[in-house]
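A.B. asks: The structure's right below; bear with me while I get my questions together.
The values are calculated or read from the model by the stated rules, or taken from the named source; none is laboratory data. Computed from a predicted structure; not experimentally measured. As a convention, Cβ positions derive from the backbone with ideal geometry for all residues, glycine included, and neighbour counts pool all protein chains shown. SASA here: full protein model, heavy atoms, side chains in, ligands and nucleic acids out. Shrake-Rupley method; radii C 1.70, N 1.55, O 1.52, S 1.80 Å.
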Amino acid sequence: MELDFERCYRAVDSRDPRFDGWFYTGVTSTGIYCRPSCPATTPKRQNVRFFPSAAAAQGAGLRACRRCRPDAAPGSPQWDVRADLVGRAMRLIADGVVDRDGVPGLATRLGYTERHLHRMLQAELGAGPLALARAQRAQTARILVETTGLGLAEVAFAAGFGSVRQFNDTVREVFGVTPSELRGGRSGWPTAGGAGTITLRLAYRPPLHAGALLDFLALRALPGIEEVRDRTYHRGLRLPHGPGTAALTPAGGHVAATLRLADMRDVAPAVARCRRLLDLDADPVAVDAVLAVDPALAPAVAAEPGVRLPHAVDGFETAVRAVTTQQVSLRSARTTLTHLIAATRSDDDGAADGAPGGLRAFPSAAEVLAAPDPAFRMPGARRETIRALARAVVDGELDLDAGGDREEAARRLVALPGVGPWTAGYLAMRALGDPDVILATDLGVRRGAAALGLPDTPKTLTAYADRWRPWRSYATIRLWRAA
């Protein structure tokens, strides 16, 4: 990735936080790298290099600034919305695929050779998949060292390191201190909330319209799976190494996250999925700037800046919800899904200790596929559509998670009986994170368009929505709110 020096230097000189995560500033005279908004004195031009990733800066021999903590910056919005190989790879690396399955596993998920994958990541980010995963492990290690009472050896393996020596070497290289110094002499301090619980801050680019996020999630909340209470969203999670729960509370400049995990190795994937659910890596200023050009949307954008696009922690769950909601109200769909959840309950998706209301993860595709007919209180054709979805996920023919190929997923979805363009579009928007989907046939979207004085037939609305590219999914959210 080519970074324009003058543009980057101006962002650093103005300490503009909007560019945090877009690039990193390396200061050769001090041997550190910073986020663009670092409050330190602006370095001289001749001492500055710019890097597209923290891993690239680390590869150049620089350590993370302990003042601005660049590893805690929001992620680049590019990797949140891009559908190409690099975007998909970055989302899977954030979810811990390299730590669990290695680079061969990542390449297999993406359908490319390891050599081609390395070449593409090196060209875009200045670092290969191993270096990118190492940078993420370092960040996870810092979180665990500073926010839990885990022993340092436990932190090493929970963060994904293969050995304590590798952990020690990486922390010294990335942060310029030993793990003990990073902890600051607080060895053995109690973990807030009990064993297996950590509390951390999830950064985002302001503004964030927290009310819109919580309204959206509360309206669709499934009892036993999720709830919104006291401006906090709680939900159960199915993670690679066991169950967990998350409690997410929007606050000034960050979202406070309390994670209860059965296995601390799931810290990185839990954080990645929570960030994705709340769309915390988005660039709301860029989105709102495009939508505000339309006079019909401009008042709503001015009144409610920073409306996000809620994604999903489980693509299959979102698919089942979408099919169940076809031609029925959200309330009716919630009743149907609650019965399905109760009928497929198993100990494997059990709640983490202390979870409010005994929250658990949504049933897996295998559990739904094995459920008897009485578990599905819906027409037979819709039941068979859900089973076809579950079978495609179990057989590995359909990938609806963060690293899935959007075009391939859409093609496979519409080939299933009972899945039409609306369902495929909804899943592209929420499960796969496509920022440019307009659900022109959706009744709520059409009502919202009418309320704003916009064309409200599918054909005319589709044509009108071209002016909202490439952020039509965000326009869809605003039309739902207008309805």
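A.B. asks: Among (1) in contact (Cβ under 8 Å) with a residue 24 or more places away in the chain; (2) open to solvent by less than 60 Å² (accessible area, probe 1.4 Å), which single condition is Arg82 missing?
C.D. replies: With (1) in contact (Cβ under 8 Å) with a residue 24 or more places away in the chain; (2) open to solvent by less than 60 Å² (accessible area, probe 1.4 Å) applied to Arg82, the lone miss is (1).
A.B. asks: Looking at the stretch 117-174 only, could you name the residues that are closer than 18 Å to Asp266 by Cα, in contact (Cβ under 8 Å) with a residue 24 or more places away in the chain, polar (S, T, N, Q) and open to solvent by less than 50 Å² (accessible area, probe 1.4 Å)?
C.D. replies: Correct list: Gln136, Thr140, Thr147, Thr148.
A.B. asks: Got a sec? Which of Val103, Val48 is within 21 Å of Glu2 (Cβ to Cβ), surrounded by fewer than 19 Cβ atoms within 10 Å (Cβ to Cβ) and at pLDDT 95 or above?
C.D. replies: From the options Val103, Val48, the qualifying one is Val48.
A.B. asks: If you don't mind, another one. I'm trying to understand the selection: among the residues of the stretch 399-422, which are part of a helix (DSSP H, G or I), open to solvent by less than 20 Å² (accessible area, probe 1.4 Å) and either over 18 Å from Val323 (Cα atoms) or in contact with a Ser or Thr (Cβ under 8 Å, 6 or more places away or on another chain) (or both)?
C.D. replies: Leu413, the sole residue that qualifies.
A.B. asks: Has the stretch 426-442 got any residue that is of a type in the set (A, V, I, L, M) and surrounded by fewer than 19 Cβ atoms within 10 Å (Cβ to Cβ)?
C.D. replies: First, the residues of the stretch 426-442 that are of a type in the set (A, V, I, L, M): 427-429, 431-432, 437-440.
Subset that is surrounded by fewer than 19 Cβ atoms within 10 Å (Cβ to Cβ): none.
No, there is no match, as no residue in the stretch 426-442 is of a type in the set (A, V, I, L, M) and surrounded by fewer than 19 Cβ atoms within 10 Å (Cβ to Cβ).
A.B. asks: Only one residue in Val323, Val313 is more than 16 Å from Arg472 (Cα to Cα), in a loop (DSSP other than H, G, I, E, B), under 24 Å from the mean Cα position of the chain (by Cα) and in contact (Cβ under 8 Å) with a residue 60 or more places away in the chain. Which one?
C.D. replies: Just a single option satisfies the conditions, and that option is Val313.
A.B. asks: OK, next. Scan the stretch 57-77 residue by residue and report those that are touching a Gly at 6+ places or on another chain (Cβ under 9 Å) and in a loop (DSSP other than H, G, I, E, B).
C.D. replies: Ala60, Gly61, Leu62, Arg66, Ala73, Pro74, Gly75, Ser76, listed by residue number.
Residues checked against (1) open to solvent by 30 Å² or more (accessible area, probe 1.4 Å); (2) under 26 Å from Ala482 (Cα atoms); (3) assigned to a loop (DSSP other than H, G, I, E, B):
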residue: Glu227; (1), (2), (3): yes, yes, no
residue: Val255; (1), (2), (3): no, yes, no
residue: Leu259; (1), (2), (3): no, no, no
residue: Pro269; (1), (2), (3): no, no, no
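A.B. asks: A follow-up question, please. Exactly one condition in (1) in a helix (DSSP H, G or I); (2) open to solvent by 30 Å² or more (accessible area, probe 1.4 Å); (3) without any contact (Cβ under 8 Å) to a residue 40 or more places away in the chain; (4) not hydrophobic (A, V, I, L, M, F, W, C) is false for Arg109; which is it?
C.D. replies: (3) is the only condition that Arg109 fails.
A.B. asks: Return the pairs, sorted by first residue and then second, in which the second residue is open to solvent by 30 Å² or more (accessible area, probe 1.4 Å) and assigned to a helix (DSSP H, G or I), the first residue lies in the stretch 460-483 and is touching a residue at least 24 places away in the same chain (Cβ under 8 Å) and over 14 Å from Glu304 (Cα atoms), the beta carbons are less than 7 Å apart, and the residues are 6+ apart or on different chains.
C.D. replies: Trp468/Val290; Trp471/Val290; Ala483/Arg447; Ala483/Ala451
A.B. asks: For the stretch 229-253, which residues satisfy the criterion of being open to solvent by 30 Å² or more (accessible area, probe 1.4 Å) and among the charged types (D, E, K, R)?
C.D. replies: Arg229, Asp230, Arg231, Arg238
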